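Working notes for the structure below.
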Amino acid sequence: MNRMRYLAAICILCLFVYCSSSQKMSYGMKHYIFDYNNQAYTIYSYTLQDKVGYNLLISNDGKQDRLKAKDLNQDGVIDTVITGAFSLAEAEQIYQFGLEKAQSNGNLENREITRWYETEDPDYKYSVQTYLPMFGEAYNNFAVTEKKPFGKTFLFKDLMADGSLDSVIIGKTVIASFQPLYENVLQKGINDKKLEKQDTYYYVSLR
């Protein structure tokens, strides 16, 4: 089974629902029902036009301990099992099957995120991506790739989009070594009119 994974959630997996006029509804809440091993499941997709939403996978058996799992940022990967006697891997397998069925039936959209800024210097390539979840605080991902053969890529998260790196997502390194680079990139983005600062928060402008 092909796994629809997208680095740093570059693409958002959103479901379409067809109404009686056969028109696609791009935003809001949609759902898709499918069968897996003789059990019916539903994927619910909650999406706003300029924000990252989330998807829910729910079994349709009506039991109190039925499966309920969540793809927190619509990147095609189950992040947590909320209820049900299923492992994360089992829920992921069901979810991937459902996404592939939705895609084959034309009920799945890859929606590109537009809050993305890229720049570079002689040593590194940089990118900043702003996420605006439907619930919770906005945050930035900061990616750094070495400009040399077999160069490493490091990915960091700025949890509050306040200009301070909080965690390393990809790579083994020390955050303090990359914090000055992040600050320089943010300032360059502001100078290039690609980023904006609101109070103490930094956002990539919507293009």
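For the reader, a short list of remarks on this structure follows.
- In the stretch 181-200, the residues that are without any contact (Cβ under 8 Å) to a residue 40 or more places away in the chain and part of a loop (DSSP other than H, G, I, E, B): Lys193, Asp199, Thr200
- All conditions but one from (1) without any contact (Cβ under 8 Å) to a residue 24 or more places away in the chain; (2) in a strand (DSSP E or B) apply to Thr173; the one that does not is (2).
- Residue in the stretch 179-189 that is within 25 Å of Thr47 (Cβ to Cβ) and loosely packed, with under 15 Cβ neighbours inside 10 Å present: no
- Here Phe150 fits the description: surrounded by fewer than 18 Cβ atoms within 10 Å (Cβ to Cβ), among the aromatic types (Phe, Trp, Tyr) and over 30 Å from Ile43 (Cβ atoms).
- Sole residue being closer than 30 Å to Leu195 by Cβ and of a type outside the set (Ser, Thr, Tyr), chosen from Asp61, Asp79, Asp65: Asp79
- From the options Phe86, Phe97, residue that is at pLDDT 90 or above, more than 18 Å from the chain's Cα centre (by Cα) and either crowded, with 17+ Cβ neighbours inside 10 Å or part of a loop (DSSP other than H, G, I, E, B) (or both): Phe86
- Residue within the stretch 57-67 that is outside the structural domain of Leu186 (by TED's automatic domain parsing) and under 21 Å from the mean Cα position of the chain (by Cα) present: yes
- Flag if Gly171 is exposed (fewer than 15 other Cβ atoms within 10 Å of the Cβ), assigned by TED's automatic domain parsing to the domain that holds Asp35 and not charged (D, E, K, R): no
- Residue within the stretch 134-150 that is under 26 Å from Lys70 (Cα atoms), aromatic (Phe, Trp, Tyr) and in a strand (DSSP E or B) present: yes
- Per this entry, Glu120 is counted among residues that are under 25 Å from Leu181 (Cβ atoms) and either assigned by TED's automatic domain parsing to the domain that holds Leu159 or surrounded by 13 or more Cβ atoms within 10 Å (Cβ to Cβ) (or both).
- Hey, Asn105 farther than 19 Å from Val77 by Cα, at pLDDT 90 or above and surrounded by fewer than 20 Cβ atoms within 10 Å (Cβ to Cβ) or not: no
- Subset of the stretch 108-117 [closer than 25 Å to Asn55 by Cβ and either at pLDDT 90 or above or surrounded by fewer than 20 Cβ atoms within 10 Å (Cβ to Cβ) (or both)]: Glu109, Asn110, Arg111, Glu112, Thr114, Trp116
The values are calculated or read from the model by the stated rules, or taken from the named source; none is laboratory data. Since this is a predicted model, take the numbers as computed values, not measurements. Cβ coordinates were reconstructed from backbone atoms using ideal geometry, including for glycine residues, and neighbour counts include every protein chain displayed.
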